[in-house]
1. From (1) within 14 Å of the ligand (Cβ to nearest atom); (2) crowded, with 21+ Cβ neighbours inside 10 Å, pick out the condition that doesn't hold for A:Trp8.
2. With (1) under 21 Å from A:Lys111 (Cβ atoms); (2) more than 10 Å from the ligand (Cβ to nearest atom); (3) touching a residue at least 24 places away in the same chain (Cβ under 8 Å) as the list, and A:Pro51 as the residue in question, which single condition is left unmet?
3. Residues in the range A:188-202 that are outside any helix (DSSP H, G or I) and within 12 Å of another protein chain (Cβ to nearest Cβ): how many?
4. Does any residue of the range A:230-239 turn out to be within 24 Å of B:Ser148 (Cβ to Cβ), out of contact with any strand residue (DSSP E or B) (no Cβ under 6 Å at 6 or more places or on another chain) and either outside the structural domain of A:Arg122 (by TED's automatic domain parsing) or in a loop (DSSP other than H, G, I, E, B) (or both)?
5. Hey, can you tell me all the residues within the range A:56-84 that are surrounded by fewer than 21 Cβ atoms within 10 Å (Cβ to Cβ), more than 7 Å from the ligand (Cβ to nearest atom) and in contact (Cβ under 8 Å) with a residue 24 or more places away in the chain?
6. Could you check B:Gly181 against (1) in a helix (DSSP H, G or I); (2) more than 14 Å from every other protein chain (Cβ to nearest Cβ) and say which number it fails?
7. Quick one: which helices (runs of 4 or more DSSP H) lie wholly within the range A:60-173 and hold at least 2 residues that are more than 14 Å from chain B (Cβ to nearest Cβ) and not acidic (Asp, Glu)?
Amino acid sequence: MDLNLKVWRQAGPDAPGRFETYAMRGVSEDMSFLELFDVLNEQLEGRGEEPVAFDHDCREGICGSCAMMIGGRAHGPETGTATCQLHLRKLVDGDTIAVEPWRAAGFPIIKDLAVDRAAFDRIVEAGGYITAPTGSARDANEILVPKEAADAAMDAAACIGCGACVAACPNGAAQLFTAAKYSHLSLLPQGQPERYTRVVALVEETERWFGSCTNHGECEKACPKEISIDFIALLNRDYVKAQLKNRALTGQKR
Amino acid sequence: MTHTQEVSTADHRGGADDADRLARYTGPPIPVRRPRHPVLRFWSTAVGKKWVMALSGLALLGFVLAHMVGNLKLYLGESHFNEYAEWLRDLGEPALPRTVLLWGMRLGLIAAFGLHIVAAAQLTRINHKARPVQYQSHRDYVAANFASRTMRWTGVIVALFVLFHLADLTWGNANPDFVPGDPYDNVIASFQRVPVAIIYIVANLALAFHIFHGAWSMFQSLGWNNPRWNAVRRYFAATFAAVIAIGNISMPLLVVTGVVTK
Ligand code: FES
């Protein structure tokens, strides 16, 4: 099949950028979108041009590295898939497709399609963990977790931190990411001791980098793991609860 | 729990080699000073402001509904309508002196409007800063609808309309036929002017769109989310918006077309 790619080229963080059009002829429809870029880069290198920089790693939708705004949608038109899982057969033969990097103040462009998502690390450092002694694994069922709770926590833990929620959000908010990080801990017994300290820490850190959630619901549709905005409601609710809880008596900070 | 301030990110730009610097371009977190007082601290976050927007929005929804119900008395005739207007002033008597409760409600309403608008303005600024460079290709929205994406504009239209509405029917400066204490005739005289009727109709359409998103969004911001009720939230918002639109638009429409007269 044939595709025309309009790819955002930008030499460096502060360099000006522009769209460059590449005609891809006779590519296999069984290729993934990243493989299309491999082919493109091979051709560019063959012509002695600079290949397109883009992030990728696992190529099976679990690492969250790949990040492209494809035809105005984060990770392209397919729902519930990352860019690496988008097959060309899902696209229309002969189409012209614009490919852009994520755009957000918290995700500065490094080069071409690669953006720096270290802001997500800052958020996780602020509260996306539990304080627990590490060491050998504990015995199974030592802490009882109902199957339903484990499933709900797993739905949130499916977040691969790709940043599609921020990219898709008209406000550039990272609420879905933060809500996922918050929920997968707070739905489990291990997350309870720091629950209210965590929610405040996460919300405040998130807002240093990203916009505010106005409930467009765009993130939920863009998320390759289809994480629900129900988790955002949980985050909002617990943030207000954290204001009212007597945290001194729950043994939590502040 | 660790504070971000304790996390050393100082070596991100300086000292690191080129690859490292490129990889961690984000740099250290911007130190944000948050106020100490719990109320101000809550307000300092966007989640806090959205909570305030939701609650003030809820209050405004209540007002809009009550205002419409009261004004539909227009169809029962002059004496009913004027009686209702008087009753608003008498409300709370004899426990409270005349008009005190009305003024209390007005002050509450002004506070709700004020908070709603200030929070909206501040959140808009935050969101503009969060994406300084827009997407350069066409965005293909999936979930964000016309109502949710025009909240800013419908909000501004409604706010300007409220000022006009007060000047028209409360203070009277936008209504040459205004007679203090004669609300029924004032309303009819005002709506009989075609441009004014159009202003009312357009503003109420904007209000309906605003409510269509706001009355749903409010539940999310307050964290009122339960799969058992989630579908109802959408119906609630849609129905509320439709009722307000039909009720409020019917009045200028029926007056300007001559169905309802003095
Ligand atoms: S490359 Fe790992 S998720 Fe796409």
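The values are calculated or read from the model by the stated rules, or taken from the named source; none is laboratory data. It should be emphasised that the depicted structure is a prediction, and the values quoted were computed from it without experimental measurement. Neighbour counts run over all protein chains shown; Cβ positions are idealised from the backbone, glycine included.
1. Going through the list (1) within 14 Å of the ligand (Cβ to nearest atom); (2) crowded, with 21+ Cβ neighbours inside 10 Å, A:Trp8 breaks only (1).
2. The single condition A:Pro51 does not satisfy is (3).
3. Looking only at that region, the number is 0.
4. no
5. Listed by number, the residues that qualify are A:Gly71, A:Gly72, A:Thr79, A:Gly80, A:Thr81.
6. (1)
7. By residue number, A:147-157.
Conditions tested, residue by residue: (1) closer than 13 Å to A:Ala104 by Cβ; (2) assigned by TED's automatic domain parsing to the domain that holds A:Glu78; (3) among the hydroxyl-bearing types (Ser, Thr, Tyr); (4) more than 16 Å from the chain's Cα centre (by Cα).
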{"residue": "A:Thr134", "(1), (2), (3), (4)": "no, no, yes, yes"}
{"residue": "A:Asp139", "(1), (2), (3), (4)": "no, no, no, yes"}
{"residue": "A:Cys159", "(1), (2), (3), (4)": "no, no, no, no"}
{"residue": "A:Cys165", "(1), (2), (3), (4)": "yes, no, no, no"}
{"residue": "A:Tyr182", "(1), (2), (3), (4)": "no, no, yes, no"}
